[in-house]
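The structure appears below as structure tokens.
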Amino acid sequence: WAPWAQLGADATVDEAMARTDVPTLAERRFDALSGGEQRRVLLARALATEARVVLLDEPAASLDVGHALALYGRLRELAQEGYAVVVVLHDLDDAMRCTDRAVLLEAGRVVAAGPSSEVISPERVEAIYGVNVEQVRTSIRKGRLRRLKYGYVRPAPVKKALVRLKEGQNIELF
């Protein structure tokens, strides 16, 4: 049973489904959807309520790269339209690329808050996580994200990193 399929005449529901790229899922059962499809439908459900505050925990989990970038682009559009968009992210690359402001927590305490590029600094990442990272400028040209942001260099494959660790070298684990 797909309850949202019966609401097709409701323009708010149609718009929410279109914004999250789920109109093709309208006739499918929620429990038959993939994890990523379910995430997109849940975001559509939140938008259909017309609430002006959107709280999301790891919104891109289970999404492929294309849908993740599209989702972050949609969240940015919502913020530009005046929505309050709050996301919990553990992926520092996503936080750097896709947010304007960040709050960094350690053991449940606020360590820093402010512009993402200042809050998520290599020094803070090393102090909190014990990991050496390097910031590099990147540009996402495809999709809706076109701003220059900073990201973190991805580490070497696990085996190579473990060999370097054994040899006493610094490694990046995320």
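The values are calculated or read from the model by the stated rules, or taken from the named source; none is laboratory data. The structure displayed is predicted, hence computed values, not measured ones. Glycine gets a Cβ as well: all are built from the backbone with ideal geometry, and neighbour counts include every protein chain shown. Accessible surface areas use protein heavy atoms only, side chains included; no ligands, DNA or RNA. Shrake-Rupley method; radii C 1.70, N 1.55, O 1.52, S 1.80 Å.
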Filtering the range 99-121 down to residues that are part of a strand (DSSP E or B), open to solvent by 20 Å² or more (accessible area, probe 1.4 Å) and either of a type in the set (V, I, T) or touching a residue at least 24 places away in the same chain (Cβ under 8 Å) (or both) yields V103, V110, V111
With respect to G36, determine if the residue is open to solvent by less than 40 Å² (accessible area, probe 1.4 Å) and either closer than 30 Å to A112 by Cβ or in contact (Cβ under 8 Å) with a residue 24 or more places away in the chain (or both).
yes
Please enumerate the residues belonging to the range 44-66 that are of a type outside the set (G, A, S) and either more than 21 Å from V13 (Cβ to Cβ) or open to solvent by 50 Å² or more (accessible area, probe 1.4 Å) (or both).
R45, T49, E50, R52, V53, L55, D57, E58, L63, D64, V65
So if I check each of M96, M17, which one is within 30 Å of E118 (Cβ to Cβ), in a helix (DSSP H, G or I) and touching a residue at least 24 places away in the same chain (Cβ under 8 Å)?
M96
Select, from L78, L105, L145, L89, the only residue that is at pLDDT 85 or above and touching a helix residue (DSSP H, G or I) at 6+ places or on another chain (Cβ under 6 Å).
L89
Of everything in the range 54-74, what is at pLDDT 90 or above and either assigned to a helix (DSSP H, G or I) or on the phi > 0 side of the Ramachandran plot (or both)? Give them in sequence order.
E58
